[in-house]
């Protein structure tokens, strides 16, 4: 039995698309469980209406826990799941008809496979807004053709329910984001037997406004900081931003007439900072051409604003998360430190008995 789980908050139109895509699946889930965090836009009412229908090929459970975070919602859905195989996704996606079938097939035919990492991408044909086009120009379709070593995003993943239990479930002490990032690190540290579903069947929707991208970057940074992961990225990203800021500030100070030194140190710092920024512009040149070809004005400025803005918001979120996590996310950090293949196998053995 296959149980498909997801969470939702104020996305009635996304839920309508989700049900339409699930009806069209070549392997329809036996059960769908969606947890609502307290929607006010008609999402919850639509879920209740769906739960009352008797003409669907699945059993639908509509659950609600007001103000629950994503990790809590996922855990609540999986707790209520009757199936031994869990399929997880995010409502803000599109799915090909073969998505469920190809994702669960390895689990159904091979008892040695415990988890399947799904492939996903951003579909260019669905992108129209200038800031969404700006991200696409920088990152392309962000296509992941999954292998066993790929990042296991919970927007497209399938695993045995006992795997979720042995890994300790999703970390509910995180504020909002990074629960699936922590789950991914636990999967790697436990060396869970897994494969990838290499064909892209899941398509991720992106934001339409710059504010949406900044908000997402902050939330990702907050979750990463709370969990204490991706410290290397902080050093690389923060170090370069700090270098450029220092070159600008101290370079301008060095040019002040009241400073009792020759202006050359200030000029040298400004040149160094300019070279760093120009290096980014050089790397963005191809992306700038793509944006210009799509009719988006001021492409270089847009790309710089997007790049510096998202990095700054991610770093700010990371700093807030590190501070909060030292008190509120100790359990999540402890689990990341403690997880080993031996611990995982022992828990799996206990679950079987």
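The values are calculated or read from the model by the stated rules, or taken from the named source; none is laboratory data. Treat the numbers as computed from the prediction; the structure is a model and nothing was measured. Every residue, glycine as well, gets a Cβ built from its backbone with ideal geometry; the counts of neighbours run over all protein chains shown.
Please specify each residue of the range 107-127 satisfying the condition of being touching a residue at least 24 places away in the same chain (Cβ under 8 Å) and either part of a helix (DSSP H, G or I) or out of contact with any strand residue (DSSP E or B) (no Cβ under 7 Å at 6 or more places or on another chain) (or both).
Hits for the range 107-127 are 107, 112, 126, 127.
The set of residues in the range 169-199 being in a strand (DSSP E or B) and surrounded by fewer than 20 Cβ atoms within 10 Å (Cβ to Cβ) consists of 195, 196, 198, 199. Residues of the range 81-132 being over 27 Å from residue 188 (Cβ atoms) and in contact with a helix residue (DSSP H, G or I) (Cβ under 6 Å, 6 or more places away or on another chain), which ones? If the condition is that a residue be over 27 Å from residue 188 (Cβ atoms) and in contact with a helix residue (DSSP H, G or I) (Cβ under 6 Å, 6 or more places away or on another chain), then 127, 131 are the ones that fit. Scanning the range 280-293 for residues that are surrounded by fewer than 15 Cβ atoms within 10 Å (Cβ to Cβ) and over 25 Å from residue 218 (Cα atoms) yields 282, 285, 286, 289, 292, 293.
Against the definition (in contact with a helix residue (DSSP H, G or I) (Cβ under 6 Å, 6 or more places away or on another chain) and modelled with pLDDT under 80), how does residue 278 come out, yes or no? The answer is no for residue 278.
For the range 243-262, check the following and say yes or no: at least one residue is within 28 Å of the chain's Cα centre (by Cα), closer than 30 Å to residue 321 by Cα, outside any strand (DSSP E or B) and at pLDDT 80 or above.
Taking the range 243-262 as the starting set, the residues that turn out to be within 28 Å of the chain's Cα centre (by Cα) are none.
No: the range 243-262 contains no residue that is within 28 Å of the chain's Cα centre (by Cα), closer than 30 Å to residue 321 by Cα, outside any strand (DSSP E or B) and at pLDDT 80 or above.
Tell me the residue from 172, 188, 165 that is in contact (Cβ under 8 Å) with a residue 24 or more places away in the chain and farther than 20 Å from residue 222 by Cβ, please. Testing whether each residue is in contact (Cβ under 8 Å) with a residue 24 or more places away in the chain and farther than 20 Å from residue 222 by Cβ leaves just 165. For the range 294-316, a tally of residues being over 26 Å from residue 218 (Cα atoms) and part of a helix (DSSP H, G or I) returns 0. Taken over the range 42-54, the residue count meeting the criterion of being touching a strand residue (DSSP E or B) at 6+ places or on another chain (Cβ under 8 Å) and touching a residue at least 12 places away in the same chain (Cβ under 8 Å) is 5. Of the numbered criteria (1) surrounded by 14 or more Cβ atoms within 10 Å (Cβ to Cβ); (2) assigned to a loop (DSSP other than H, G, I, E, B); (3) more than 22 Å from the chain's Cα centre (by Cα), the one residue 55 fails is (1).
Matching residues to (1) outside any helix (DSSP H, G or I); (2) at pLDDT below 90; (3) surrounded by 14 or more Cβ atoms within 10 Å (Cβ to Cβ):
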residue	(1), (2), (3)
271	no, yes, no
334	no, no, no
337	no, no, no
347	no, no, yes
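Residues of the range 18-41 that are surrounded by fewer than 21 Cβ atoms within 10 Å (Cβ to Cβ), in contact with a strand residue (DSSP E or B) (Cβ under 7 Å, 6 or more places away or on another chain) and part of a helix (DSSP H, G or I): 21 alone.
Would you mind stating whether residue 91 is assigned by TED's automatic domain parsing to the domain that holds residue 203, touching a strand residue (DSSP E or B) at 6+ places or on another chain (Cβ under 9 Å), modelled with pLDDT of 95 or more and closer than 23 Å to residue 172 by Cα? Don't jump to the end; show me each part of the working.
Numbers: assigned by TED's automatic domain parsing to the domain that holds residue 203: yes; touching a strand residue (DSSP E or B) at 6+ places or on another chain (Cβ under 9 Å): yes; modelled with pLDDT of 95 or more: no; closer than 23 Å to residue 172 by Cα: yes.
It is false that residue 91 is assigned by TED's automatic domain parsing to the domain that holds residue 203, touching a strand residue (DSSP E or B) at 6+ places or on another chain (Cβ under 9 Å), modelled with pLDDT of 95 or more and closer than 23 Å to residue 172 by Cα.
Among the residues of the range 209-227, how many are in contact (Cβ under 8 Å) with a residue 60 or more places away in the chain, surrounded by fewer than 18 Cβ atoms within 10 Å (Cβ to Cβ) and either over 17 Å from the mean Cα position of the chain (by Cα) or more than 20 Å from residue 91 (Cα to Cα) (or both)? Of the residues in the range 209-227, 1 are in contact (Cβ under 8 Å) with a residue 60 or more places away in the chain, surrounded by fewer than 18 Cβ atoms within 10 Å (Cβ to Cβ) and either over 17 Å from the mean Cα position of the chain (by Cα) or more than 20 Å from residue 91 (Cα to Cα) (or both). For residue 137, the conditions (1) farther than 26 Å from residue 37 by Cβ; (2) part of a strand (DSSP E or B) are fulfilled apart from (2).
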